């Protein structure tokens with residue numbers, strides 16, 4: 001009997017060791033990721049900039065709404081604006097019968113009111129601009145696709161300023177050629193020149209260089225990242241990994257190792273992770289966002305909610321519903337989490353990098369507890385979490401904390 005117990009113990013130890021070795025990098029990342037002392041909420045919104053002029057009114061109304069809320073230290077909620085600097089000049093291209101690509105940049109006088117609405121929101125402390133890209137596509141790929149796809153050709157022949165959201169998804173990736181699938185990588189010299197061009201235009205429009213980049217569709221590669229770093233960018237917003245291509249079905253692929261908040265990449269850039277969605281027009285209600293806020297806060301993480309321009313322009317009923325959802329989310333977040341902090345993405349990155357004790361908890365016991373919470377929430381570690389016995393420690397700490405000051409990892 002004793003030999004059987006010893007054999008079972010040996011098998012268990014070997015299984016735990018094998019799983020631990022397999023997931024050692026992820027486990028180390030979960031431990032290394034900073035633990036925030038308080039909930040942090042950022043609404044990360046993309047696709048604003050060159051495009052339909054209805055954005056102007058949308059931004060004005062969003063700024064007015066956001067300015068009615070503030071955290072305990074007087075900071076308004078931040079909606080980041082992932083800015084697109086240019087769009088196809090369809091009028092000029094129609095005249096040329098699509099023989100050459102022409103762009104209309106955010107500098108153009110037709111966007112003067114739009115630029116002002118962005119500037120006003122930044123001045124109020126409710127918007128924070130960050131670079132999305134020159135265009136939300138790679139222009140040569142778009143032109144090539146127009147030869148083969150009538151819908152793309154008609155998009156370029158539009159009478160109105162077009163919306164990139166209606167392009168085929170593979171074409172919306174800027175840093176590869178999605179006109180053919182699997183997508184083709186771009187030449188390094190072209191990437192470097194394009195990065196320099198968009199960083200220079202961003203600085204010209206906003207009177208200061210961008211510190212944060214949000215890669216369109218989260219597809220980029222090491223060459224792009226190194227070019228950003230050389231240009232003075234400090235932070236890349238990621239979905240927790242990097243996609244480098246698109247497969248034969250147009251699905252993002254070639255996934256990097258996982259990223260975590262506060263991680264410094266080989267390029268020297270810092271990663272910040274968007275970790276949930278808030279698209280009201282797609283059925284994402286405030287309750288879903290609040291559940292995300294609870295999960296992330298329990299794990300000592302910030303909550304970065306991804307949303308897009310399309311929620312706030314277009315059909316009036318849809319737009320009103322989306323703004324109301326933002327209102328309800330912020331009202332309930334402040335009520336449920338009085339200590340919540342509203343930061344911009346660049347402010348968050350500085351907090352994470354600086355390890356300021358006012359924001360980051362370095363207590364060994366707290367970090368151990370949060371490390372277990374993070375394992376509990378990560379589907380990739382489910383087998384290891386159960387087999388290693390960490391699940392019992394997790395529930396023991398949860399029970400003991402609930403008996404005293406409350407359990408920070410409570411997900412119910």
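The values are calculated or read from the model by the stated rules, or taken from the named source; none is laboratory data. Just so it is clear, the model here is predicted, and its values are computed rather than measured. Neighbour counts are summed over all protein chains in view; Cβ atoms, including those assigned to glycine, are modelled from backbone coordinates with ideal geometry.
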Notebook entry, point to check: Of the numbered conditions (1) in contact (Cβ under 8 Å) with a residue 60 or more places away in the chain; (2) at positive phi, residue 60 satisfies every one except a single condition; which is it?
Noted result: (2)
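Here is a yes/no grid of residues against (1) assigned to a loop (DSSP other than H, G, I, E, B); (2) within 25 Å of residue 79 (Cβ to Cβ); (3) in contact (Cβ under 8 Å) with a residue 12 or more places away in the chain:
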| residue | (1), (2), (3) |
| --- | --- |
| 161 | yes, yes, yes |
| 192 | no, no, yes |
| 200 | no, no, no |
| 224 | no, no, yes |
| 236 | no, yes, yes |
Next item on the list: Scan the range 40-72 residue by residue and report those that are surrounded by fewer than 23 Cβ atoms within 10 Å (Cβ to Cβ) and assigned to a loop (DSSP other than H, G, I, E, B).
Entry: 52, 53, 54, 67, 68, 69, 70, 71, 72
Next item on the list: Please state which one of 383, 296, 403, 318 is modelled with pLDDT of 95 or more and surrounded by fewer than 19 Cβ atoms within 10 Å (Cβ to Cβ).
Entry: 318
Next item on the list: Only residues that are surrounded by 21 or more Cβ atoms within 10 Å (Cβ to Cβ) and part of a loop (DSSP other than H, G, I, E, B): list them for the range 241-258, please.
Entry: 242
Next item on the list: Could you tell me which of the residues 115, 75, 94 is farther than 17 Å from residue 172 by Cα and not in a helix (DSSP H, G or I)?
Entry: 75
Next item on the list: For the range 238-254, name all the residues that are free of Cβ contacts under 8 Å to residues at least 24 places away in the same chain and under 20 Å from residue 33 (Cα atoms).
Entry: 241
Note to self: Looking only at the range 128-154, how many residues end up being touching a strand residue (DSSP E or B) at 6+ places or on another chain (Cβ under 8 Å) and assigned to a helix (DSSP H, G or I)?
What the structure shows: 5
Notebook entry, point to check: If you go through the range 221-240, how many residues are out of contact with any strand residue (DSSP E or B) (no Cβ under 6 Å at 6 or more places or on another chain), surrounded by 19 or more Cβ atoms within 10 Å (Cβ to Cβ) and more than 14 Å from residue 266 (Cβ to Cβ)?
Noted result: 1
Check: Restricting the search to the range 163-178, which residues are assigned to a strand (DSSP E or B) and under 18 Å from residue 50 (Cα atoms)?
Finding: none
Margin query: Just the residues that are within 22 Å of residue 272 (Cβ to Cβ) and assigned to a helix (DSSP H, G or I), please, taken from the range 295-333.
Written below: 295, 296, 297, 298, 309, 311, 326, 329, 330, 333
Check: Of all residues in the range 134-153, how many are free of Cβ contacts under 8 Å to residues at least 12 places away in the same chain and touching a helix residue (DSSP H, G or I) at 6+ places or on another chain (Cβ under 9 Å)?
Finding: 1
